[in-house]
Amino acid sequence: MKQKQQDLWVIVVIYIVIAVAGFITYIKFQSSPYLESFLIADIVMTIVAFIFSLWNRNSSVYDAYWSVIPFYFVVGWIILEPATLTFWSGLTYLTLFIWSWRLTLNWARSWDGFQHEDWRYRNLATQTGQYYPIVNFLGIHLFPTCMVFLCMWPLFSIPAGGDVSKLLCVAGVAVATLGIYLEFISDNQLAAFRKLKTGKMLDKGIWAKCRHPNYLGEILFWLGMAICGISFGAAWYTLIGIVALTIMFIFVSIPMKEKHMLSRYPDFAKYRKEVPLIIPGF
């Protein structure tokens with residue numbers, strides 16, 4: 001436990017360095033309405049995270065980036081455009097903050113320190129051999145960065161100012177909150193089950209209703225954020241992020257996860273036949 005705490009403090013320092021690198025980059029390439037400059041800063045921060053991953057010989061250094069970077073963005077927007085911070089934008093931001101810190105804390109709870117690395121990264125390293133450094137940067141670091149940036153795209157309409165559709169904003173916050181709740185329940189049930197160390201798979205609680213409630217929660221959260229962005233005037237084509245995220249989960253992340261589960265748990269084949277993929281069955 002002591003080693004894990006030390007490693008977590010190292011991660012905190014790493015992410016402070018990442019934030020400073022992003023801030024300096026933004027100042028260097030500052031533009032309005034911020035989309036291009038934030039994208040450049042995002043890529044630079046990803047490169048810094050990648051360097052730290054290489055330094056620690058552990059790509060799980062990047063794992064928290066997925067949930068931390070939207071928080072960085074919103075704090076930046078509030079600093080840059082404080083006049084656009086209203087009740088409705090604040091409500092949207094607060095919902096994102098809750099998602100960000102809950103997901104980050106859940107990652108910290110489940111991470112065992114630098115001795116642990118996500119099994120998917122190790123599989124990729126084995127499969128790609130000498131090409132792994134390229135796959136590591138493009139697939140494990142840069143691709144998720146671009147995915148999250150696309151999901152954030154509708155929200156860039158908020159710091160631009162303008163009128164808001166209050167009813168649509170409420171609907172977006174409601175959908176996003178439902179997603180946060182599903183992730184909270186599924187992650188807590190999974191964490192409690194792992195402590196039992198039964199050597200079996202979890203098929204109780206919300207996990208008896210659908211096989212991937214955490215992925216469903218993530219999709220719902222970003223769908224809610226997209227609706228909030230639309231309520232502030234975001235163009236329809238900014239929804240490409242939530243569409244791409246859903247496709248990635250359904251056709252890449254979930255099949256990879258299920259293949260892994262089949263190799264570990266003989267009962268998973270039966271579970272897969274009886275429990276819906278991602279839409280809960282009652």
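No lab work stands behind these numbers, since they all come straight from the coordinates. Model, not experiment: these values are computed from the prediction. Here Cβ is always computed from backbone atoms with ideal geometry, including for glycine, and neighbour counts include all displayed protein chains.
What the table shows:
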item	result
Size of electric dipole in the stretch 2-274: Cβ of Lys, Arg +1 and of Asp, Glu -1, about Cα centre, debye, nearest 20	1100
Relative exposure of ASP42, ASP7, ASP163, judged by other C-beta atoms within 10 Å (fewest first)	ASP163, ASP7, ASP42
Per-residue ³J(HN,Hα) for the stretch 65-78, Karplus 6.51 cos²θ - 1.76 cosθ + 1.60, θ = phi - 60°, Hz, x for Gly and Pro	4, 3, 9, 7, 4, x, 5, 4, 4, 5, 4, x, 4, 4
Neighbour-count ranking [beta-carbon atoms within 10 angstrom, fewest first] of TRP207, TRP222, TRP55	TRP55, TRP207, TRP222
Note, ³J(HN,Hα) from phi for the stretch 208-220, Karplus 6.51, -1.76, 1.60, rounded to Hz, x at Gly and Pro	8, 9, 8, 6, 9, x, 5, 5, 4, x, 5, 4, 5
Shape category assigned to the stretch 127-282 from the gyration tensor of Cα positions, a/c cut at 1.5	oblate
Selection from TYR62, ILE79, MET261, by position along the positive dipole direction of the stretch 2-274 (Cβ)	MET261
Spatially proximal lysines relative to LYS257 (Cα-Cα < 28 Å; intrachain offsets below 8 disregarded)	LYS4, LYS195, LYS197, LYS200, LYS204, LYS209, LYS270, LYS273
Computed helical MRE - 222 nm, the chain, DSSP H runs ≥ 4 contributing -39500 (n - 2.57), nearest 500	-22500 deg cm²/dmol
Virtual spin-label span in nm between ALA160 and GLU274, 7 Å along Cα→Cβ	5.0
Whole-Hz couplings from phi, Karplus 6.51/-1.76/1.60, listed for the stretch 42-49; x for Gly and Pro	4, 5, 4, 5, 5, 4, 5, 4
Gain in span if fully extended, LYS259 to ASN56, counting 0.36 nm per residue against the direct Cα distance	70.2 nm
For CYS210, CYS228, order by how many other beta-carbon atoms lie within 10 Å, fewest first	CYS210, CYS228
Computed FRET value (nearest 0.05) for ASN123 with ALA83, which takes r as the C-beta separation and R₀ as 41 Å	0.25
